[in-house]
1. Residue check, T131 against (1) closer than 23 Å to M41 by Cβ; (2) of a type in the set (V, I, T); (3) at pLDDT below 95, all met but one. Which one?
2. Of everything in segment 162-202, what is out of contact with any Lys or Arg (no Cβ under 9 Å at 6 or more places or on another chain) and over 30 Å from V81 (Cβ atoms)? Give them in sequence order.
3. In segment 294-326, which residues are in a loop (DSSP other than H, G, I, E, B) and either within 15 Å of the ligand (Cβ to nearest atom) or over 19 Å from the mean Cα position of the chain (by Cα) (or both)?
4. Where the second residue is not in a loop (DSSP other than H, G, I, E, B) and the first is without any contact (Cβ under 8 Å) to a residue 24 or more places away in the chain and lies in segment 315-340, which pairs have Cβ atoms under 6 Å and are six or more apart or on separate chains?
5. Considering segment 174-213 alone, what residues qualify as being among the small types (G, A, S) and within 15 Å of the ligand (Cβ to nearest atom)?
6. Please work out which one of (1) without any contact (Cβ under 8 Å) to a residue 40 or more places away in the chain; (2) surrounded by fewer than 17 Cβ atoms within 10 Å (Cβ to Cβ) is the condition F286 fails and give its number.
7. Kindly indicate the residue of segment 257-285 that is within 16 Å of the ligand (Cβ to nearest atom) and assigned to a helix (DSSP H, G or I) and also farthest from V176 (Cα to Cα) among those meeting that condition.
8. Quick one: is A169 more than 16 Å from the ligand (Cβ to nearest atom) and more than 29 Å from A249 (Cα to Cα)?
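The values are calculated or read from the model by the stated rules, or taken from the named source; none is laboratory data. Bear in mind the structure is a predicted one, so any value in this text is a computation, not a measurement. Here the Cβ is made from the backbone with ideal geometry for all residues, glycine too, and neighbour counts use every protein chain on show.
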Amino acid sequence: MPKDNLYSSVSLGALNLPNRIIMAPLTRSRADADHVPTAIMAEYYAQRASAGLIVAEATMAIEGNSAFGGREPGIYAEAQVAAWQQVTAAVHAKGGQIVLQIWHGGRACHSLLNNGAQPVAPSALPIRNDTTHTPKGKMPYETPRELRDDELPDVVNGFRLAAINAKAAGFDGVEVHGANGYLLDEFLRDGSNQRSGSYGGSIVNRARLLLEVVDATSLVWGADRVGVRISPLNSFNDMLDSDPVALTAYVAEQLDQRKIAYLHLMRGDFFGVQKADVVTPARVGFKGALVGNMGYTPAEAAASVQAGTLAAVAFGHHYVSNPDLVERIQADVALVEPDQSTLYSPGPRGYTDYPTMTVA
Ligand SMILES: Cc1cc2nc3c(=O)[nH]c(=O)nc-3n(C[C@H](O)[C@H](O)[C@H](O)COP(=O)(O)O)c2cc1C
């Protein structure tokens, strides 16, 4: 059976996975108002511990102008570290492994969710034609303040401290969030990065901040416990790049030199605007473990593993509503679709109450 390919062990750097089915990072907004993880988050992640690896949701690396939804978790404060310890212990108790996606929201943040602080970004370009949820209802995105070059060491250091805290919280590694139109991705792509100087212009310059963050977090963890997620084609958050294939090729090659644990590639665009094959340049440039994501069916995932293109596949929306996805794919049972209305709502409904499959 081709799907059997998903059930062999694989190493992502120092992370040894029992299977190749990864839980993709999923923001679910169940932390408290101080960005402290709640007890139901431990239950939720433990329910999904049979995944070869869990990538925990986008988590604020840095306090201040980096929150975009209000109830996303953080990893910059002691109380957050203590609460994450409950999560990692619950996952480990069920034999699972979990890395933390460390993140800065960049221009997708709103001052009303950040004590009045203006959002920051590579350039003073707002997300256009879209609104964001704020305590005062839906509002247009704000024009961000352009970060000065001399502020960027603080950003790198913030990610470094987040990596240290993730270690203290008992994670098995970290994933640097370089995707989906948040700060590091905003630097990568020329639709949002129109800076001059050493962090703007050429691909080499635009990738500099991401690579500095990778180097700083690798010093904390060892590169073999650091993963990186990119989405060179995704136009979500008003993102665009003039040459996503060349960008992918350069980033892949740079990450290959750094011998990171894995490259996590979102291969497409939520809205189908930008189309290209970014899997091939990623595969050519990065010789380590390539993790694919976006729209994979279990059959396609297995075929990509069999072809040697991917080491593993991350599933997103399936993991919202199928806590035992690993077992379900193996048993060939129908997958449950997520309830969209409870994706970001508070409390256990639509979060910890999706049942495991019933075996007849
Ligand atoms: C509810 C929800 C929350 C998400 N949150 C994150 C996140 O925190 N970080 C991230 O990199 N991607 C996030 N994504 C994107 C998913 O990780 C994944 O890339 C996307 O669902 C496509 O994979 P799929 O086709 O298997 O669902 C989110 C997606 C959904 C549906």
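1. Of (1) closer than 23 Å to M41 by Cβ; (2) of a type in the set (V, I, T); (3) at pLDDT below 95, only one is false for T131: (1).
2. Result: G191, Q194, S196, G197, S202.
3. M294, G295, Y296, T297, A307, G308, T309, L310, G316, N322, P323, D324
4. So the pair list comes out as H318/L325; L335/H318; V336/S321; P338/H317; P338/V320; P338/S321.
5. Across segment 174-213, the qualifying residues are G178, A179, G181.
6. For F286, the failing item is (2).
7. Out of the qualifying residues, it is V279.
8. So A169 fits the description; yes.
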